[in-house]
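Student: Would you mind keeping the following structure in view while I ask a few things?
Please treat every number below as a calculation from the coordinates, not as lab data. Worth saying up front: this structure is predicted, and the values here are computed from it rather than measured. Neighbour counts run over all protein chains shown; Cβ positions are idealised from the backbone, glycine included.
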Amino acid sequence: MLVDKVQEVFNEPGCATNQDKSAKERKKGCTKSLKPGAAAGGCAFDGAKIALQPIADAAHLVHGPIACEGNSWDNRGSKSSHSQLYRTGFTTDLSELDVIHGAEKKLFKAIKEIVLKYDPPAVFVYQTCVPALIGDDIEAVCKFAADKLGKPIIPVNAPGFVGSKNLGNKLGGETLLDHVIGTREPEYTTPYDINIIGEYNLAGEFWQVKPLLDKMGVRILSMISGDGKYNEVASAHRAKVNMLVCSQALVNVARKMEERYGIPYFEGSFYGVSDMSDTLRNIAKLLVGRGAPNDLIARTETIITEEEARAWRRLAPYKDRLTGKRVLLFTGGVKSWSMVTALEGAGLEIIGTSVKKSTKEDKERLKKIKGEEFHMWEDLKPRDIAAMLRDAKADIMLSGGRSQFIALKAKVPWLDVNQERHVAFAGYEGIVALVEEIDKTLSNPIWRQVRLPAPWDAPAPALGETAAE
Ligand code: SF4
């Protein structure tokens, strides 16, 4: 039942909010109830699709009115090194007549058409508000279609009205646990097999990290889900270690895989020099703990020493240009702390960061790096950000696309560091790219131009003078 599944996700013991509770409160479960507007900024369906659509060789079929697919199609710049099928928008495009008569037959026909035309390894079928309200049973249709067509047809039961985008991410993860992970065996296994969970390969940034893992001899058994392949995700239960990149989104997947298959997991970050190194160390340590040869640790340390020296060498030329420049970091999650050390290493001064989307651990880590006095904003209002920028407290704002207009209105340089960005910022390569982008943004001549008074605001010429004089 969807209701039970939603409650189970709310009660997830690995979730930061639940970890903060006492044992007694935890026992009561999470009584958080949904309020109107909970889906503003992305509904549960959108969240589930964000989590699963990067499985690139599968077809993703949205059962609903066309606007649901329109809203969610390609809304993240998740890149694939193999199939491009995930970028085709499939939808049943429900009409008023379907609402009256039901659309289960239409859904089966759509699944059949996709299988016959594209022959994907699997089809994910997303439930949305309208068919959920009229009572279309997508689980029954998917089961029927899977039997008829001989393919995995996976129901993703996360209609928009059940809650927020983040809840949808987790429901997407539950879909993988219930229907995908553990359904296939890998062709072979090695002592170096890991899964990466909660990484979406935005702007292709995982490709900045993969060469390092290749150098260590670590094999990615499955990506969940950026640049993912369906059959690899299905055999993810044979990995030795799970790395969780965005704990907010898919902590339930990592925790339940530990519970079901005994795969230990750790949360790591690919952002910033020292965090990238810590991540490589953790992977090596956990793999050795699970039977990989001991020399992996020494090999990893050699790679870290070489890569760190190279990264700092490449960052050095920016130091003179950027020293003393003040940055307002308006992002969330791991980036709220993991970018701080690297940016400071390049001479930048961080005046504060938002922690609205950060977990308790993220905040603790930030305090450890910057001390108790550091500005951490839980809920900074747009007008406060604008005032801060106007009062010249920051030379540049790093944030997501949604807050860009606050910076642009205050005529302050702005750089996109969130999911819509086009430049990859992961690994040692990525931090050099980030500092280079900051430098380019700060020195862009457009800022001088936009700060000049508009011609119609300039003082009127004196009598007898022409405007040119
Ligand atoms: S699933 Fe519901 S809330 Fe989400 S886009 Fe479709 S209609 Fe809107």
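Student: Counting pairwise Cα distances across the stretch 372-430, what percent come out greater than 16 angstrom? Before the final figure, lay out the partial values.
Tutor: Numbers: 861 of 1711 pairs.
Counting pairs separated by more than 16 Å, the tail of P(r) holds 50 percent.
Student: Continuing with the same structure: What is the P(r) of the stretch 251-298, as percent of Cα-Cα pairs per 10 Å bin from 0?
Tutor: 26, 42, 30, 2
Student: Which order do E205, E373, E8 fall in if you start with the one that has the fewest other Cβ atoms within 10 Å? Can you show the working numbers first?
Tutor: Numbers: E205 24, E373 6, E8 15.
Placing the least packed residue first, the sequence is E373, E8, E205.
Student: Let me check I've understood the local charge: for Y86, count other residues with C-beta under 12 angstrom from its C-beta, Lys and Arg +1, Asp and Glu -1. What total comes out?
Tutor: On the way: positive: K49, R76, K79, R87, K229; negative: D57, D74, D227.
So the surrounding residues net to +2.
Student: Work out, step by step, the length gained on full extension between K105 and T323: first 0.36 nm times the residue separation, then minus their alpha carbon distance; give nm to one decimal. Write down the numbers at each step before the final one.
Tutor: Values: separation 218, 0.36 × 218 = 78.48 nm, distance 6.37 nm.
Length gained between K105 and T323: 72.1 nm.
Student: Per the Kirkwood treatment, what hydrodynamic radius in Å, one decimal, follows for the chain from the mean inverse distance over all distinct Cα pairs? Don't skip to the answer; put the middle values down first.
Tutor: Numbers: mean 1/r = 0.0415 Å⁻¹.
Over the chain, the inverse of the mean reciprocal pair distance is 24.1 Å.
Student: For q = 0.15 Å⁻¹, what log10 I(q)/I(0) does the stretch 34-171 give under the Debye formula with an equal point scatterer on each alpha carbon and no solvent?
Tutor: Reported log10 I(q)/I(0), two decimals: -0.67.
Student: Right, next: Using only the alpha-carbon atoms, what does the stretch 120-229 span along each of its principal axes? Please give whole angstrom values in decreasing order.
Tutor: Taking max minus min along each principal axis of the Cα atoms, the stretch 120-229 gives 53, 32, 20 Å.
Student: Quick one: of K210/K381; K165/K256; K151/K256; K106/K143; K363/K411, which pairs are farther than 27 Å apart, Cα to Cα?
Tutor: Numbers: K210/K381 38 Å; K165/K256 21 Å; K151/K256 25 Å; K106/K143 15 Å; K363/K411 30 Å.
Exceeds cut-off: K210/K381; K363/K411.
Student: Can you give me the long-range amide H partners of V417? Hydrogens built in the peptide plane at 1.01 Å from N, cutoff under 5 Å, separation of 5 or more residues or another chain.
Tutor: The answer is S399, G400.
Student: Net charge near N444, counting Lys/Arg +1 and Asp/Glu -1 over other residues with Cβ under 15 Å of its Cβ? Mind dumping the intermediate values first?
Tutor: Working: positive: R321, K325, K411, K440, R448, R451; negative: D395, D416, E436, E437, D439.
Its environment carries a net charge of +1.
Student: Peptides 262-272, 120-130, 444-454: what's the order by average Cβ count within 10 Å, highest mean first?
Tutor: The peptides rank, most packed first, as 120-130, 262-272, 444-454.
Student: Something else about it: Could you work out the helix-only [θ] at 222 nm for the chain, with each DSSP H run of four or more residues adding -39,500 (n - 2.57) and the total divided by the number of residues, to the nearest 500 deg cm²/dmol?
Tutor: -13500 deg cm²/dmol
Student: Let me ask another. Report, in cubic angstrom per residue, the convex hull volume of the C-alpha atoms of the stretch 193-309. All intermediate terms of the calculation are to be shown ahead of the outcome.
Tutor: Working: hull volume 10.9 nm³, N = 117.
Output value, Cα hull per residue: 93 Å³.
Student: What per residue convex hull volume, in Å³, comes out for the stretch 323-421 when only alpha-carbon positions are used? Present the calculation step by step, with values, prior to reporting the outcome.
Tutor: Working: hull volume 9.2 nm³, N = 99.
For the stretch 323-421, the hull spanned by Cα atoms encloses 93 Å³ per residue.
Student: Next question. Counting Lys +1, Arg +1, Asp -1, Glu -1, what net charge surrounds P413 among other residues with beta carbon under 10 Å of its beta carbon? Let's see the in-between values first.
Tutor: Values: positive: K325, K411, K440; negative: D395.
Local charge sum for P413: +2.
Student: Under 5 Å between amide H atoms, partner at least 5 residues away or on a different chain: which partners does V327 have, H built in plane at 1.01 Å?
Tutor: Excluding prolines and chain starts, which carry no amide H, the hits are E349, I350, I351, D395.
Student: Another question, if that's okay. Mind sorting H60, H82 by how few other Cβ atoms lie within 10 Å of their own Cβ, fewest first?
Tutor: Values: H60 29, H82 10.
Listing H60, H82 from fewest to most nearby Cβ atoms yields H82, H60.
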